[in-house]
Amino acid sequence: MGGGVFDSVWDDEQSEFESERKIAAQSLTKLENAFFNSGYKYGIDASKTDHMQDGFDQGIELGIQRGKEIGVVLGALVAQREIRRKLHLPEENIDSLVMRLRAIKHTAAIHQDFVKNAETVDETKQPTEAAISLIREAQETLARLDLQCR
């Protein structure tokens with residue numbers, strides 16, 4: 001026969017040594033493919049795990065930070081509102097700010113674009129930029145109300 005890799009291992013014209021060599025070559029090729037595939041899959045899985053953990057760590061840190069900012073501002077606004085009601089002072093836009101802060105979704109507060117461009121303020125802004133803008137507006141209102149009380 002021709003001596004190609006796909007020749008029959010049972011070919012009578014081949015020597016016993018030649019047959020064993022062909023079987024070994026086929027087995028080696030199968031093992032190489034199996035190890036390559038296993039290594040590739042392991043690498044992909046390891047990479048996904050590393051990157052997912054990094055993303056989770058960054059997200060949880062950012063979520064805690066953003067949630068604390070929103071909570072502090074929201075608590076201060078509600079306290080200001082109640083104080084102003086008891087003292088019969090004008091509440092300005094406190095109710096509106098409280099409602100808008102409570103309506104912020106968690107995904108808007110920690111969206112990836114938050115890191116990119118937090119200074120931009122316009123009507124076409126991303127959800128995170130809107131959340132940051134709203135927090136700033138609330139902080140400015142609190143500062144103004146605090147100055148009015150002094």
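The values are calculated or read from the model by the stated rules, or taken from the named source; none is laboratory data. Keep in mind that this is a model prediction, so the values were computed, not measured. Quick reminder, even Gly has a Cβ in these numbers, built from the backbone with ideal geometry, and neighbours come from all protein chains shown. When the accessible area is computed, the model is the full protein with side chains, heavy atoms only, and any ligands, DNA or RNA have been set aside. Shrake-Rupley method; radii C 1.70, N 1.55, O 1.52, S 1.80 Å.
With θ taken as phi - 60° and the Karplus curve 6.51 cos²θ - 1.76 cosθ + 1.60 applied, the whole-hertz 3J(HN,Hα) list for the stretch 88-97 is 6, 9, x, 8, 6, 9, 4, 4, 4, 5 Hz, x standing for glycine and proline.
In order along the stretch 30-36, the Karplus-derived 3J(HN,Hα) couplings, from 6.51 cos²θ - 1.76 cosθ + 1.60 at θ = phi - 60°, round to 5, 5, 4, 5, 5, 5, 4 Hz, and Gly and Pro are given as x.
Each 10 Å bin from zero up to the one holding the largest Cα-Cα distance in the stretch 20-76 carries the following percent of pairs: 20, 21, 17, 14, 12, 9, 5, 3, 0. With all protein chains in place and ligands, DNA and RNA left out, the 1.4 Å accessible area ranks L74, L101, L31 as L31, L74, L101, largest first. Estimated at the nearest 10 Å², the accessible area of I104 is 40 Å² with a 1.4 Å probe. Spin-label model, D95/N37: points 7 Å from Cα along the beta carbon direction are separated by 6.7 nm.
Using the Karplus relation 6.51 cos²θ - 1.76 cosθ + 1.60 with θ = phi - 60°, the per-residue 3J(HN,Hα) values for the stretch 62-78 come to 5, x, 5, 4, 5, x, 5, 4, 5, x, 5, 5, 4, x, 5, 5, 5 Hz, with x marking Gly and Pro.
Between T49 and I64, full extension at 0.36 nm per residue minus the direct alpha carbon distance yields a gain of 3.2 nm.
Accessible area of D50 (1.4 Å probe, protein heavy atoms only, ligands and nucleic acids ignored): about 90 Å².
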